[in-house]
Amino acid sequence: MSEEILKALTQLFAIISKQDTGVSDAERNFVISFYQQDLDRETMGEYLALYDKYAEYGLDDEPASGAATATATADGEVKVEKKKRATRVNEAVRVLSLGKKINKTLTQKQKVIVLFKLLEMLVSDRNFTAQRMEIIETLASVFNVSRAEYKLIEAFATAEDASHPNLDSEDILLFDDQPPPEGAKVGYIDSGKLDGEIVFIRVKSVDLYFIKYTGRDEIYLNGQLVKRNSIVLFSHGSIIKTPKGAPLYYSDLATRVNRQAEDHPLSFNIDGIFFKFPNGALGLRNVSLSEGPGKLIGIMGASGAGKTTLLNVLAGLEKPSEGQVLINGFNIHDPEQKKHVEGVIGYVAQDDLLIEELTVFQNLFYNAKLCFRDLDDEALTTKVINVLGSLGLDRIMHLKVGNVLNKKISGGQRKRLNIALELIREPGILFLDEPTSGLSSRDSENVIDLLKELSLKGKLIFTVIHQPSSDIYKMFDKMFILDTGGFPIYYGNPVEALSYFKRQTRQIASDKGQCMACGNVNVEQLFNIIEARVVDEYGEFTGKRKVTPEEWSDQYKQHFNIERRADVREEPPKTLRIPTKPKQTLIFTIRDALAKLSDKQYMAINLLEAPVLALLMSLVIRFRSSEAKEGYLFFYNDNIPAYILICIIIALFMGLTVSAEEIIRDRKILKRESFLNLSRSSYLSSKLIILFSLSAVQTFTFVLVGNLILGIGWGQFITYWLALFSVSCFANVLGLNISSSFDNAVTVYILIPLLLIPQMILSGGIFDFDKLNNAVGQKGKAPLIADVWASRWAYEAICVRQFKTNPYEQMLYGYDWQISQANYRASYWRSELEKAVVACQENLTAKTDSARQVFAQNLALLKRELAEEKQVKDARLAKLVDGLSLTNFNDQAAAQLNDYLARVQVYYGSLQGRMSDARDSVIYAYEHPKGQPERSIADLKNQYHNEQLEKFLKNENSLEKITAEGDRLVQHLDPVFTPPYHVSNVFDYRAHFFAPTKPFGGQMWDTYYFNLVVIWFMTLLLYVTLYFELLRKFVKMFSKVKFTPKATS
Amino acid sequence: MKKLNLVFALLLLFGCSAQVANTDESRETTEVPTVVETSPVQLSDDIVAGIMQSIPSPIETSLLIKETGAAYSVSNLNDPTIVTTYNDSYRQALNLGVYSTDLGFANLYDKNQDVLNFLNSVKTLADKLNIGQFFDYKTIKELASSSGNVEKLLQLTQQNFERINSHLNDQKRENLSILILTGGWTEALYLTTLVHQKTKNKKLKEKIGEQKVALDQILLVLDFYKNKPNFPSLIADLKELQKVYNRVEIKTISTGKPVTKEVNGELVVEDATVSQINISDADVDLITSLTKSIRSKIIK
């Protein structure tokens, strides 16, 4: 208390006491005892002198002299009256100014206490004159105490007993052996035998309780004797002990007075739960609890005792191995029954569950938006501001939350915001894991105050608490104490706990739960007793405990008998009304977008990454060949195939890195929101919307810069962008998969190469698919192992489309592929078959197995390949081929075959010639357009066509143009001109790499679109695995495998 | 000198081996989908073979050029890097001939990098014409880059070109053969006129005059394809040249009996005749400038 305030109070005391009858000794003694509480003897003297001066104590009493001179003249009387009136006006002014001064410094609670003090002073000599009362009432209105409340306070202070009619109020409670008369509004608690009564008043506006005892018994408040008729503050955790009756705990009172609790029928019963860790150790043993609404329950225990485990089991996050947790009779671990209690549970984890990039307001606002479907933004804003206001967070509403390293708001504010997130939806049962850890004692107290207040509103609150201060400790209604190994060892009143343990260990003063002088509970001592260790002969502590957890647990079983509440047989009330799925998606998206947009580093890097990489790469590989006479020509840039590959890898990389941390980062928030039963698909969709948008922008800028610098025409812009975007989206979903499957970001980042490098190896751009290990590769088809990697599809898609649809090749492609195929048939295929015929003839009469085998193989090859030749038809030959077998092959058949093959050559040869002529005509027509100057097709080619890519797609670097694989011939010549062949059935999608079209469902599809569809199909599959968390389940299955032998303990 | 043989022999072989393969027309009973119209006149292989044979060997020409002591200048040859600008089969075939001549020329002067460049150009064009499979470039490259294997190289390339020619004939694409030949011939003539312009060598002048016969034969064959695109302008250009050549007189004077010689273990009969060429300097100049313009059109 500051000097100024004390002075103000002194003046108030003085002014009031000197009214009317003047200062009485009783009043003066009261003031002295008031000073004694706070001041040393010397200072007290000063203030007492001050009091005396203002109260005019020791001077001639005016009223007394007035009485003595009763016979004085009327003149004099009038004079005295006038003087009095002037004094009164002066004093009224002074009281007002004093009141205002106090208003500036004291809290409302303190001001109420001041009022009680002033009234108590009057009670000391029971001198309630109108003037005195008037001054106090004036002061009450200056203090903003409502008139009704003041009247009640006044009645409480002045009434001699509780039967006073002014005291018939809901805010009055009697602790007595006789119930109040029927129809009275006052509350009643049976005290057992008691002389007189203890009257409680609740000052609702500040939620304070005061007591007054009217009897003659010795009653103790927190171990201190309560004087008769004195008004005492009944603070949190206080206990009243009467000589004969049961003690009265603050919490009992609070719930009794607070009738709100009764509006929330709630039963929370925990029946004998056990919890087994995955490694088989027991985490909880036979824990039973039974609670109703309006309680604040603390859970304490040594570290590792299983507090958080218990909380998680109670909150439904973990499933007990035995026993059940029932809310209103609904088992919260039963997937069916769980639905009835959706939204009833709130959970505040120990860690922050805030979105760091958002402001305090935004955090709460979007959370609230997800809880209340039917409130519009305005109503929500009001609600949020109200909640923030009630938690004292309104001033920092627009500050960013920030993270632990980059603190914007204090730890206490963070914690309160965390609680606010749960509060705003008003869950019936709230679980908090160490809400005060890391907070200053002031912040801790604020937080627990808040919880207390909530519990008084009818919420059931469980809080794990670690080493609370005495004040905090006493605020709990009940304390549940666990010992190492999950043994329950105490369940009851917090203050009693110390006595209980002292008693069990036969310590002195076991009936004193708290310090007699200060009322403090030494919580540390509690654990010192529980965990006391045996001392060896040298006086050193040994590892052995005096009382083992099992022993404590046995004692617990003897002493505590849990009275099980009857299950409330109705669904708990719900305040939660979650929005529809699309709406949720929208909210998630906006929230996430806001968070990302406000993270400037994140945005800058994500948006600049792509164009910078594109700039770097394309500038480096913008290669001017010595063949290009006039500067850079796209045609001669040998780096284009590599560029396409790197584009894809970069798109994959960007897609993966941007998404890999998404879910991990959100995991805590997801844990909290799991109590809201929000839609997972909405959450994932919002992720996809944001990530896909980001990917779209990234790949757009990438292609824009890269293609522009490398001179890849605008015509191919969409080709590149769409493919890269698809790949990036694929990577996004892949990233989300690993993000949701692993527990920390480092693991995920280590995993990225594992997912990326195979994309490079099996892209087809680095290693030739025809030259892979025979076990994985199949000649003439892109290997199956590559089919699961998006890079291979994207690479093929871009390469083939870039080649096929550039303005130069587009004009000629129709001829080129026919020329190529005719050439293949006439030159390669035909000659291979001729060789086969010769081989058959040579081995016709051979007897050795190997020779027979060669014969059979060649014959099979002939049959198969000739059957597939569709253009050169010959009915007789078809019959011959059909009937060919090892036994009927002869020279005549060989001659027929050779004859046919010669015709094939002529046919395809001339086809090639004609196609080649036609192609020349097209070029001629292009170069000699009607009515326009001549132009060269070479310019068109230089601008849009790429030599290296052509070599690549035509497999020009390989000398192997055709190979025999078993009974079939595989074409390696000009893959990009070769339509898929050897298609086995309608579902066979496989073709050789760089095929211009793809088979599926009995049709041919353009490679580009087909491949994109494949990538999106894979993306969809990944989304399914993401939705059902298949990868996570798989990873979990693996993590159960133990690598180290179980430690024996 | 052996090296000199190489390329010109190749060129010659295109034409000379034209009669090797023979397809029986009657066998073509397959249903041919009509894509474009075929050349209206079917050129008999025998005729072509005869024409090809009558074109004199360019070996002498190249020898002469070397003997004049003319310096090698790569700028006189076609640029090997512009090979990618030849996009239609017409230009590809013509320039395959041109590059082949240039390849031989560079090889004659032992310019290894240029040899490789021209070899690459030849390969590129052969691939585009789908006759690349007949080149064993790996071996050619090995042989060309190390001296002393000329015999082998000559033999190998001979085989290659025989097969190419036969292949083109089989496939009725012999118009490519005549284009390759024309390209090679024009390039050889161009180089000769160039050197002659500087040296005014008499033998070269005679050589230029001798080409009258070759040109007549070439035009005879080209005429069969006059309906194909691009051919008319080439024919027209060569006819311009022919007009000049019409003023050139070639007289054959017998000098006695034919002589039998043994060359590489084979008996060869040599005519004991001498040709006398009458050509005016003005005509040579005209031929020189005309050839230059035709050649520049070909390599454009």
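The criterion of being more than 30 Å from B:Leu94 (Cβ to Cβ), aliphatic (A, V, I, L, M) and part of a helix (DSSP H, G or I) does not hold for A:Ala918. The criterion of at least 3 residues that are among the polar types (S, T, N, Q) is met by the following helices (runs of 4 or more DSSP H) wholly inside segment A:82-188: A:108-125, A:130-142. Which one of A:Tyr602, A:Tyr632 is over 31 Å from the mean Cα position of the chain (by Cα) and either in a helix (DSSP H, G or I) or more than 30 Å from A:Leu370 (Cβ to Cβ) (or both)? Unique residue meeting the criteria: A:Tyr632.
In this structure, is A:Glu965 in contact with a helix residue (DSSP H, G or I) (Cβ under 9 Å, 6 or more places away or on another chain) and among the charged types (D, E, K, R)? No.
Of the residues A:Ala614, A:Ala593, the single one that is more than 14 Å from chain B (Cβ to nearest Cβ) and more than 20 Å from the chain's Cα centre (by Cα) is A:Ala614.
Condition check for A:Gly458 on (1) surrounded by 22 or more Cβ atoms within 10 Å (Cβ to Cβ); (2) in contact with a strand residue (DSSP E or B) (Cβ under 8 Å, 6 or more places away or on another chain); (3) among the small types (Gly, Ala, Ser): one failure, at (2).
Scanning segment B:63-106 for residues that are closer than 17 Å to B:Arg295 by Cα and basic (Lys, Arg) turns up just one, B:Arg91. For segment A:167-182, the condition holds for no residue, the condition being that it is touching a strand residue (DSSP E or B) at 6+ places or on another chain (Cβ under 6 Å) and among the polar types (S, T, N, Q). Within segment B:75-89, being more than 7 Å from chain A (Cβ to nearest Cβ), under 16 Å from A:His945 (Cα atoms) and assigned to a loop (DSSP other than H, G, I, E, B) holds for one residue alone: B:Tyr86. When A:Phe987 is tested against (1) free of Cβ contacts under 8 Å to residues at least 40 places away in the same chain; (2) away from chain B (no Cβ under 14 Å); (3) under 15 Å from A:Gly764 (Cα atoms), just one condition goes unmet, and that condition is (3). Among the residues that make up segment A:409-420, is at least one of them in a loop (DSSP other than H, G, I, E, B), within 24 Å of A:Gly316 (Cβ to Cβ) and touching an Asp or Glu at 6+ places or on another chain (Cβ under 9 Å)? No, the conditions are met nowhere in segment A:409-420.
Yes/no matrix, rows are residues, columns are (1) of a type outside the set (A, V, I, L, M, F, W, C); (2) in contact with an Asp or Glu (Cβ under 7 Å, 6 or more places away or on another chain); (3) at pLDDT 85 or above:
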{"site": "B:His196", "(1), (2), (3)": "yes, no, yes"}
{"site": "B:Leu204", "(1), (2), (3)": "no, no, yes"}
{"site": "B:Ala236", "(1), (2), (3)": "no, no, yes"}
{"site": "B:Thr252", "(1), (2), (3)": "yes, no, no"}
{"site": "B:Glu270", "(1), (2), (3)": "yes, no, no"}
{"site": "B:Thr273", "(1), (2), (3)": "yes, no, no"}
{"site": "B:Val284", "(1), (2), (3)": "no, no, yes"}
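Between A:Arg876, A:Arg919, A:Arg935, the distinction of being modelled with pLDDT of 90 or more and either over 30 Å from A:Glu809 (Cβ atoms) or not acidic (Asp, Glu) (or both) belongs to A:Arg919 only.
A single member of A:Ala509, A:Ala566, A:Ala517 is at pLDDT below 85 and outside the structural domain of A:Lys295 (by TED's automatic domain parsing), and it is A:Ala566. A single member of A:Pro320, A:Pro335 is over 27 Å from A:Ile472 (Cβ atoms) and out of contact with any strand residue (DSSP E or B) (no Cβ under 9 Å at 6 or more places or on another chain), and it is A:Pro335. Out of everything in segment A:204-222 that is over 20 Å from A:Ala148 (Cα atoms) and assigned to a loop (DSSP other than H, G, I, E, B), what residue ends up being modelled with the lowest pLDDT? Among those that are over 20 Å from A:Ala148 (Cα atoms) and assigned to a loop (DSSP other than H, G, I, E, B), it is A:Asn222. Do we find a residue being of a type outside the set (Asp, Glu), within 9 Å of chain B (Cβ to nearest Cβ) and within 29 Å of A:Lys863 (Cα to Cα) anywhere in segment A:921-935? Taking every residue of segment A:921-935 in turn, none turns out to be of a type outside the set (Asp, Glu), within 9 Å of chain B (Cβ to nearest Cβ) and within 29 Å of A:Lys863 (Cα to Cα). Where helices (runs of 4 or more DSSP H) fall wholly inside segment A:807-899, the ranges with 2 or more residues that are within 14 Å of chain B (Cβ to nearest Cβ), within 23 Å of B:Asp170 (Cβ to Cβ) and aromatic (Phe, Trp, Tyr) are A:807-823. Here is the figure for segment A:467-490: residues that are part of a strand (DSSP E or B) and among the charged types (D, E, K, R) total 2.
Table: residues versus (1) closer than 30 Å to A:Leu859 by Cβ; (2) away from chain B (no Cβ under 14 Å); (3) surrounded by 15 or more Cβ atoms within 10 Å (Cβ to Cβ).
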residue	(1), (2), (3)
A:Gln943	no, no, yes
A:Gln948	no, no, yes
A:Val970	yes, yes, yes
A:Val976	no, yes, yes
A:Ala991	yes, yes, yes
A:Phe994	no, yes, yes
A:Gly1001	no, yes, no
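Scan segment A:413-429 and tell me whether some residue there is of a type in the set (Gly, Ala, Ser), under 17 Å from A:Lys459 (Cβ atoms), buried (at least 21 other Cβ atoms within 10 Å of the Cβ) and in contact (Cβ under 8 Å) with a residue 60 or more places away in the chain. Within segment A:413-429, one or more residues are of a type in the set (Gly, Ala, Ser), under 17 Å from A:Lys459 (Cβ atoms), buried (at least 21 other Cβ atoms within 10 Å of the Cβ) and in contact (Cβ under 8 Å) with a residue 60 or more places away in the chain.
Just a yes or no: is a residue in segment A:377-390 at pLDDT 85 or above and in a loop (DSSP other than H, G, I, E, B)? Within segment A:377-390 (the criterion being at pLDDT 85 or above and in a loop (DSSP other than H, G, I, E, B)), the answer is no, since none of the residues qualifies. I'm trying to understand the selection: among the residues of segment A:900-910, which are closer than 14 Å to A:Lys873 by Cβ and either of a type in the set (Lys, Arg) or at the interface with chain B (Cβ under 7 Å from one of its Cβ atoms) (or both)? Those that are closer than 14 Å to A:Lys873 by Cβ and either of a type in the set (Lys, Arg) or at the interface with chain B (Cβ under 7 Å from one of its Cβ atoms) (or both): A:Arg903, A:Tyr907.
The values are calculated or read from the model by the stated rules, or taken from the named source; none is laboratory data. Since the structure is predicted, the reported quantities are computational estimates derived from the model, not experimental observations. Note: ideal-geometry Cβ built from the backbone for every residue, glycine included; neighbour counts use all protein chains shown.
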